[in-house]
């Protein structure tokens, strides 16, 4: 078994990272998990959170707002939005929160408070606010 695996993090805007890694902590919607070389194959959805990567270059953190992770011989993360933690500014966070609030308002209007879609949009906004608090940004 190898000590590293290929890790790719992409978003619609760009390829965010391509590294050989020893471990990646993934914010999954069904719970956080750590992928390491030799992990059982798995596909999971992401919740907004911090993706922590351990590589020969040291530890790195990336902010993700959702998407999918596929673990196989390597790990591919297809994120709705992703950027290195040190690139997340208050202005960028405000834009993300505004999008989440607009999605909740649209869900309420379109689905007339049907539990599923409205609850999903409210949960996304709540997760985004919690993420901001975790990294020291305000959702005001």
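The values are calculated or read from the model by the stated rules, or taken from the named source; none is laboratory data. These numbers were taken from a predicted model, which means no experiment stands behind them. Here Cβ is always computed from backbone atoms with ideal geometry, including for glycine, and neighbour counts include all displayed protein chains.
Being under 18 Å from residue 81 (Cβ atoms) and in a loop (DSSP other than H, G, I, E, B) is the filter here, so list the residues in segment 1-34 that pass it.
Result: 11, 12, 13, 14, 27, 29.
How about segment 35-52: which of its residues are closer than 17 Å to residue 6 by Cα and part of a strand (DSSP E or B)?
Within segment 35-52, 35, 42, 43, 51, 52 meet the criteria.
Which of (1) part of a loop (DSSP other than H, G, I, E, B); (2) at negative phi; (3) more than 18 Å from the chain's Cα centre (by Cα) is the odd one out, the single condition residue 139 does not satisfy?
(3)
Would a scan of segment 76-87 turn up a residue that is surrounded by fewer than 12 Cβ atoms within 10 Å (Cβ to Cβ), assigned by TED's automatic domain parsing to the domain that holds residue 18 and touching a residue at least 40 places away in the same chain (Cβ under 8 Å)?
no
Can you tell me which residue in segment 54-75 is surrounded by the fewest Cβ atoms within 10 Å (Cβ to Cβ), limited to those that are without any contact (Cβ under 8 Å) to a residue 60 or more places away in the chain and within 17 Å of residue 121 (Cα to Cα)?
66
Considering 103, 35, which residue is surrounded by 15 or more Cβ atoms within 10 Å (Cβ to Cβ), assigned by TED's automatic domain parsing to the domain that holds residue 14 and at negative phi?
Exactly one of 103, 35 is surrounded by 15 or more Cβ atoms within 10 Å (Cβ to Cβ), assigned by TED's automatic domain parsing to the domain that holds residue 14 and at negative phi, namely 35.
Just checking, which of 70, 87, 61 is under 30 Å from residue 19 (Cα atoms) and in contact with a helix residue (DSSP H, G or I) (Cβ under 7 Å, 6 or more places away or on another chain)?
Exactly one residue qualifies, and that residue is 61.
Within segment 108-125, can one find any residue that is in contact (Cβ under 8 Å) with a residue 24 or more places away in the chain and not assigned by TED's automatic domain parsing to the domain that holds residue 50?
Yes; the residues of segment 108-125 include at least one that is in contact (Cβ under 8 Å) with a residue 24 or more places away in the chain and not assigned by TED's automatic domain parsing to the domain that holds residue 50.
Just to be sure before I move on: is residue 69 in contact with a strand residue (DSSP E or B) (Cβ under 8 Å, 6 or more places away or on another chain) and either assigned by TED's automatic domain parsing to the domain that holds residue 11 or under 20 Å from residue 28 (Cβ atoms) (or both) in the structure I sent?
yes
If you go through segment 33-40 one residue at a time, do you hit one that is at pLDDT below 95 and touching a helix residue (DSSP H, G or I) at 6+ places or on another chain (Cβ under 7 Å)?
No: segment 33-40 contains no residue that is at pLDDT below 95 and touching a helix residue (DSSP H, G or I) at 6+ places or on another chain (Cβ under 7 Å).
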